[in-house]
């Protein structure tokens with residue numbers, strides 16, 4: 001079913017459950033009413049960007065005002081699903097980030113704009129402007145009392161930096177022992193075709209980025225919603241770290257990929273959570 005958007009009545013054939021992980025082969029916009037309001041701790045949304053990508057259907061063929069109207073529509077459906085302590089991350093492109101962020105700031109509290117540096121190598125490109133090598137990520141919360149756990153996502157200092165800060169003043173400091181707060185520029189390579197994590201999806205996001213969101217913004221045992229599940233990266237992050245998950249994907253092939261990835265994911269370990277560490281330059285001027 002690569003050529004049509006599914007607006008199906010829920011049945012046993014379009015859903016997959018594995019522990020607390022639920023994968024739906026449905027359109028979130030058509031099925032949102034079946035998800036209770038106030039039931040979600042975290043939304044991780046990686047929707048079509050409005051750039052004409054081929055997802056096996058026409059889901060990314062809107063542009064301009066039509067794309068923004070569609071985006072506002074699904075956000076209006078998704079936001080009420082959040083708990084009072086809930087939050088939302090949305091991936092987008094610089095072409096539409098200003099309008100999307102203004103829309104969300106009227107409904108939620110903006111916490112951060114995160115820049116994902118995709119580490120795109122220099123290989124020519126446009127000669128009429130600077131080459132775009134990043135994605136924008138908006139981080140929003142329902143209220144100022146949103147859930148956020150820094151400790152699982154701290155970045156350890158290297159030995160040289162720790163030694164430079166080993167003065168009496170810093171002895172026993174939690175930040176020195178556990179690491180520093182990640183910054184709002186995340187430098188993580190995109191998944192090239194030879195990457196071990198790569199599956200057959202054109203805009204697959206690295207697991208380490210999504211893991212950081214899940215660990216920081218959803219309590220253990222909490223529930224994460226992904227309205228545009230794609231290849232199931234958020235589902236895998238939740239399975240790895242003991243979070244419940246509900247995701248929606250209209251492309252049957254991607255839904256099958258997500259199902260296979262979840263089935264191959266070892267169950268969560270209750271011990272200390274450690275995501276894949278996003279490489280950052282931990283020098284002595286970082287705190």
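Here the Gaussian network model covers the chain, with springs between Cα atoms less than 10 Å apart; of 28, 170, 103, 170 fluctuates the most.
On full extension, the segment bounded by residue 117 and residue 158 gains 12.5 nm, given 0.36 nm per residue less the C-alpha separation. Computed from the Cα positions only, the extents of segment 18-107 along the three principal axes stand at 36, 32, 19 Å, in decreasing order.
Could you work out the relative contact order of the chain, using alpha carbon pairs under 8 angstrom and six or more residues apart, expressed as a whole percent?
On the way: 538 pairs, mean separation 70.9, N = 287.
In percent, rounded to a whole number, it is 25.
On the beta carbon distance between residue 72 and residue 51, with R0 = 22 Å, the FRET formula returns roughly 0.80. Counting only Cα atoms, the size of the chain along its three principal axes is 64, 50, 41 Å, in decreasing order.
For the chain, the 222 nm mean residue ellipticity estimated from helices alone, with every DSSP H stretch of n ≥ 4 adding -39500 (n - 2.57) and the total spread over all residues, rounds to -7000 deg cm²/dmol.
Explain nothing, just the number: relative contact order of segment 11-142, from Cα pairs under 8 Å at least 6 residues apart, as a whole percent. The partial results should precede the final answer.
Details: 169 pairs, mean separation 33.2, N = 132.
Reported relative contact order: 25 percent.
Going by average Cβ neighbours within 10 Å, how do the peptides 121-131, 195-205, 227-237 rank, with the highest at the top?
On the way: 121-131: 7.3, 195-205: 14.8, 227-237: 26.8.
The peptides rank, most packed first, as 227-237, 195-205, 121-131.
The eigenvalues of the Cα gyration tensor, multiplied by 5 and square-rooted, give segment 1-153 an equivalent ellipsoid with semi-axes of 27, 23, 16 Å from largest to smallest.
We did not get these values from a lab; they are worked out from the coordinates using the rules stated. It should be emphasised that the depicted structure is a prediction, and the values quoted were computed from it without experimental measurement. Note: ideal-geometry Cβ built from the backbone for every residue, glycine included; neighbour counts use all protein chains shown.
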